[in-house]
1. Would you check which residues across segment A:326-360 are in a helix (DSSP H, G or I), free of Cβ contacts under 8 Å to residues at least 40 places away in the same chain and within 9 Å of chain B (Cβ to nearest Cβ) and list them?
2. Tell me, which residue of segment B:55-76 that is out of contact with any helix residue (DSSP H, G or I) (no Cβ under 9 Å at 6 or more places or on another chain) and modelled with pLDDT under 95 is surrounded by the most Cβ atoms within 10 Å (Cβ to Cβ)?
3. When you look at B:Tyr177, is it in a strand (DSSP E or B) and not hydrophobic (A, V, I, L, M, F, W, C), yes or no?
4. Among the residues of segment A:53-104, which ones are farther than 23 Å from A:Ala122 by Cβ and among the hydroxyl-bearing types (Ser, Thr, Tyr)?
5. Show the residue pairs meeting these rules: Cβ distance below 7 Å; 6+ apart or different chains; first residue within segment A:101-121 and assigned by TED's automatic domain parsing to the domain that holds A:Glu80 and in contact (Cβ under 8 Å) with a residue 24 or more places away in the chain; second residue crowded, with 19+ Cβ neighbours inside 10 Å and among the acidic types (Asp, Glu).
6. Against the condition in a strand (DSSP E or B), farther than 21 Å from A:Ala340 by Cα and of a type outside the set (Ser, Thr, Tyr), how does B:Leu358 come out, does it pass?
7. Restricting to segment A:71-107, what's the tally of residues that are surrounded by fewer than 16 Cβ atoms within 10 Å (Cβ to Cβ) and polar (S, T, N, Q)?
8. From the set of residues in segment B:381-393 that are facing another protein chain (nearest Cβ under 7 Å) and surrounded by fewer than 20 Cβ atoms within 10 Å (Cβ to Cβ), which is farthest from the chain's Cα centre (by Cα)?
Amino acid sequence: MSKSRKSLLAAAAASLLALPAHAQGDPDNGAQVFKKCLACHAVGENAKHKVGPHLNDLFGRTAGGLGDYKYSNAMHEAGENGLVWEDETLHDYLADPRGAVKGTKMAFAGLKKEDELRDVVAYLRTFSSEDAAATGASPVSGQEPEPTPQSDAPDVAATEPAAAQAVAAAGGTATEPGVGLAYGLGRRATEDEVAAWDIDVRPDGMGLPDGSGTVGEGDMLFQEQCASCHGVFGEGAGRWPVLAGGQGTLTDERPEKTIGSFWPYLSTVFDYIRRAMPFGNAHSLTDDEVYALTAYLLYMNDVVADEEFELSKENFSEIELPNAANFIDDDRDSEPHYAAKADPCMRDCKDTPAEIVMRARILDVTPGSVDDDGAGAGAVD
Amino acid sequence: MGKGNGIDRRRLLTAGLAAGGAALAPRAVAGEGDPAILEVQDWTRYLGDGVQARPYGVPSEFEAHVVRRDVEWLTAATESSVNFTPIHELDGIITPNGLCFERHHAGIAEIDPADHRLMINGLVDQPLVFTMEDLKRLPRENRVYFLECAANSGMEWRGSQLNGAQYTHGMVHCVMYTGVPLRTILGEAGIKASGKWVLAEGADASVMTRSIPIEKAVDDCLVAFMMNGEALRPEQGYPLRLVVPGWEGNMWVKWLRRIEVGDLPWHQREETSKYTDLLPNGKARRFTWVMDVKSVITSPSPQMPISHGPGPLVISGLAWSGNGRITRVDVSLDGGRNWRRARIDGPSLPKALHRFYLDIDWDGRDLLLQSRAIDEDGFVQPSKEELRAVRGENSIYHNNGIQTWHVKPDGSSENVEVS
């Protein structure tokens with residue numbers, strides 16, 4: 001890259017002289033700005049697609065033009081309508097992605113500062129081959145070729161991610177040289193460290209440890225370690241959470257939401273017990289014990305009927321909880337009061353004067369109030 | 001509160017008289033007027049505490065009632081509970097650190113920053129571990145955001161229940177965070193193309209977890225270590241918390257220790273059993289992340305009676321929206337029949353609290369006070385009836401319905417609902 005950049009420098013040297021300093025992008029500053037893009041884009045040697053496409057040879061490339069990356073329809077259409085990446089089009093897209101390409105899936109707010117825009121474009125240009133960069137230099141607008149990097153700029157390689165990593169590693173006088181891609185900070189996590197903390201389990205079974213446990217074993221454990229709060233059958237003691245029952249109550253005036261009546265996935269039960277229970281002594285159960293407790297809760301919720309049932313890594317994903325199908329995605333925006341987005345009424349919005357229909361004092365449960373008998377209704381979570 | 005001082009002064013006065021007679025008695029101008037002016041006050045005569053008497057300053061003893069409060073009957077244990085910001089006593093848009101409401105699932109983790117680590121793993125080019133020192137070497141940003149618990153006002157779905165803005169709307173606060181964009185930290189590890197979600201995880205004994213779509217994670221999320229210019233408070237996740245602007249408070253994982261990148265959401269307990277919104281037909285909405293446009297009048301309100309009688313009255317309140325800025329707030333004095341535009345004062349920042357005022361000449365008669373906010377996306381704060389018509393009474397979360405205070409001629413007020 002530094003090679004192609006040097007030839008670019010030579011090629012551009014003449015026009016550089018004629019241009020005011022502020023019109024030029026500085027690729028070295030651009031490398032700093034590009035850190036805002038690194039989470040989603042790679043550029044440079046061996047750059048692969050990440051969340052967004054790689055940005056090598058971008059100049060002169062038709063928008064949405066890489067065959068092996070899945071663009072939004074919007075980006076494909078923009079390309080079909082003639083959008084080609086060069087200084088100006090990049091400038092506009094990066095200043096306001098969603099404004100320039102309506103419907104782009106690039107979830108990036110845009111760069112607000114002119115110099116940042118110019119610098120990052122200059123930086124990206126150093127990763128485009130000469131020809132492409134030349135074509136990319138605004139043939140559409142018919143202007144003079146845009147300025148290329150300043151001749152006194154230090155070698156851009158020094159600020160490239162890979163190089164930064166190498167520098168950090170080589171200059172490693174510190175006990176732990178950093179390996180982060182952009183700043184060379186952080187160190188590599190060991191496999192054991194990841195295993196120690198990464199205990200999450202997904203509905204598809206990803207993350208389940210080896211092991212198994214029966215309803216009977218779970219019953220014993222539950223009575224010893226859980227029943228004091230959750231009740232012998234998971235019915236909940238006092239205000240402690242109820243874990244079983246409530247099937248068929250979701251449309252009632254007072255629904256009872258439990259593992260059996262409400263929870264969509266069994267993986268959540270296993271995951272949650274393993275990470276957070278018993279309350280006050282978390283991370284004290286073995287994986288087999290968590291399987292056993294999960295089996296017992298399935299039994300208490302009538303999801304399995306067999307007292308001899310054994311839950312294991314192998315049969316875990318076969319089990320479906322009864323309420324799984326009853327979850328829908330957020331559709332608040334379609335509610336009548338939101339969908340309208342109408343200017344609200346200001347005058348005579350009600351036919352008759354407003355009358356009080358309910359007072360807090362009727363069921364006053366405000367702390368410190370005279371009749372606070374602790375009989376309030378409600379929950380925080 | 002003033003009494004204690006009076007006694008002190010009398011004691012000192014006697015002592016002075018005994019020691020030196022009339023010459024030492026404080027000067028008092030005889031005559032008509034306010035003793036607060038006519039008599040020389042202790043604080044005008046004697047020296048106060050010197051510097052360093054309070055190395056970390058605390059509010060005046062006369063503000064001792066301005067504290068977070070909880071509702072005991074709500075939860076079984078204080079370690080898994082919530083308390084409320086005294087929003088009725090505050091002004092402006094910034095919440096003082098010590099008054100930001102608390103919600104814990106396993107108590108307050110007390111962590112020495114030297115022992116704290118942030119791990120990035122999953123679908124990344126390289127799994128990484130950062131120390132606090134590492135994180136403080138990355139470029140930081142300062143941003144002001146509100147944080148609202150999705151269950152704020154959740155106790156009011158069935159009707160007015162709690163008498164005070166602190167209890168009905170106090171699960172909200174707004175501070176300036178200093179931190180590193182999550183995008184930057186993920187960039188150090190390198191997100192793989194298949195990475196579509198992140199899981200944020202806390203280090204407390206609930207090991208709190210939430211799934212967040214990658215678009216949000218790399219858009220405006222911050223990994224914060226400071227609030228209002230000083231280190232996070234332990235109860236707000238010291239030494240590190242996630243900031244998820246405009247989205248429900250539960251996702252702002254405190255004591256943040258790990259970010260995992262994955263291709264699917266994890267469906268953790270806090271996004272299945274909790275923080276899903278049950279509808280009357282038995283279906284439940286999930287992933288309802290954005291906090292809707294909302295407002296409340298903080299004064300007058302049940303805990304802030306009008307003490308001065310008819311005449312000039314400042315009606316003051318807060319408005320906010322997870323979609324961005326508040327563009328307008330209307331106030332009604334007659335239970336929503338007629339509305340006037342309130343004045344928004346102070347900075348108007350996206351996804352931050354906004355302060356509004358309506359300055360009126362109160363005639364001393366009953367008021368049915370309401371406020372209604374509109375955000376920059378054009379969303380109008382709905383009435384409670386409108387919400388219940390669609391969502392019923394068992395949603396628990398996301399109750400942003402218009403609040404009514406009945407202000408009575410004696411200046412007291414009550415939480416009510418109107419026709």
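1. Selection gives A:Arg332, A:Asp333, A:Pro336, A:His337, A:Tyr338, A:Ala360.
2. B:Thr75
3. yes
4. A:Tyr69, A:Tyr71, A:Ser72
5. Between residues of segment A:101-121 that are assigned by TED's automatic domain parsing to the domain that holds A:Glu80 and in contact (Cβ under 8 Å) with a residue 24 or more places away in the chain and residues that are crowded, with 19+ Cβ neighbours inside 10 Å and among the acidic types (Asp, Glu), the close pairs are A:Asp119/A:Asp26; A:Val121/A:Asp87.
6. It is true that B:Leu358 is in a strand (DSSP E or B), farther than 21 Å from A:Ala340 by Cα and of a type outside the set (Ser, Thr, Tyr).
7. Counting residues in segment A:71-107 that are surrounded by fewer than 16 Cβ atoms within 10 Å (Cβ to Cβ) and polar (S, T, N, Q) gives 3.
8. Filtering first and then ranking leaves B:Val390.
The values are calculated or read from the model by the stated rules, or taken from the named source; none is laboratory data. Quantities reported herein were computed from a predicted structural model and do not represent experimental measurements. In this analysis, Cβ positions are derived from the backbone assuming ideal geometry, glycine residues included, and neighbour counts consider all displayed protein chains.
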